[in-house]
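Quick notes on the structure that follows.
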Amino acid sequence: MEITISDAKAQLTDLVRRAENGEEIVLTRHGNPIAIITPLTAKPTAEQKRRAIDAIRAAARTVPDDGVSAGRSQDFLYGDDGLPG
């Protein structure tokens with residue numbers, strides 16, 4: 001089940017009860033999934049894991065790409081000899 005955060009506020013007790021019974025509750029903001037309510041005792045299903053990974057990948061795509069990789073972002077601090085410049 002998907003529900004917006006604003007709608008979930010008024011239904012939190014019911015949503016938690018539904019999650020306790022094994023239903024997955026996906027909270028959305030502006031149509032994008034942002035959180036999942038599941039019972040702590042239940043192990044995530046393959047589908048839940050896939051959804052979580054998809055949500056993380058979607059969030060990662062929103063990070064601006066300035067053309068500098070993380071591995072090379074501090075290269076300007078060091079000279080060609082590898083010592084601080």
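What to note about this one:
- For L15: the one exception among (1) out of contact with any strand residue (DSSP E or B) (no Cβ under 7 Å at 6 or more places or on another chain); (2) surrounded by 10 or more Cβ atoms within 10 Å (Cβ to Cβ); (3) at pLDDT 90 or above: (1)
- Here segment 23-63 is the region considered, the condition is being exposed (fewer than 12 other Cβ atoms within 10 Å of the Cβ), among the aliphatic types (A, V, I, L, M) and not in a helix (DSSP H, G or I), and the residue that is nearest to the chain's Cα centre (by Cα) is V63.
The values are calculated or read from the model by the stated rules, or taken from the named source; none is laboratory data. What you are looking at is a predicted structure, and each value in this text was computed from that prediction instead of being measured. No Cβ is skipped: glycine too gets one built from the backbone with ideal geometry, and neighbour counts run over all protein chains shown.
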